[in-house]
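Novice: Here you go, one structure.
Each reported figure results from applying straightforward, stated rules to the coordinates on display, with no laboratory input. Note that the structure is a prediction, hence the values are computed from the model and not measured. Here the Cβ is made from the backbone with ideal geometry for all residues, glycine too, and neighbour counts use every protein chain on show.
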């Protein structure tokens, strides 16, 4: 799963100014998306939480993320999954 428009620092919390300078500023909105789906993935996998599984199954309809198919993660130089 890819958070649309995310920078490396959006998945970090807390992060620091140097990371933001090098990798791009983080956003509380994108960070919330990371948290939502990371927690759902952990709860669905580790606790067999059905509500979390439903959250993950609805990700394909969430415009804030792109659900990657098997093979999409093989990014070649100069490519990005959102540009496919």
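Novice: Please give the length that would be gained between residue 50 and residue 63 if that part of the chain were fully extended, namely 0.36 nm times their separation in residues minus their C-alpha to C-alpha distance (nm, one decimal).
Specialist: Working: separation 13, 0.36 × 13 = 4.68 nm, distance 2.22 nm.
Net length gain for the segment: 2.5 nm.
Novice: What is the Rg over Rh value, at two decimals, for segment 1-64, using alpha-carbon atoms and the Kirkwood definition of Rh?
Specialist: 1.05
Novice: To continue, here is another question. Going highest first, how would you order 17-23, 53-59, 4-10 by mean Cβ packing within 10 Å?
Specialist: For the peptides 17-23, 53-59, 4-10, the packing ranking is 4-10, 53-59, 17-23.
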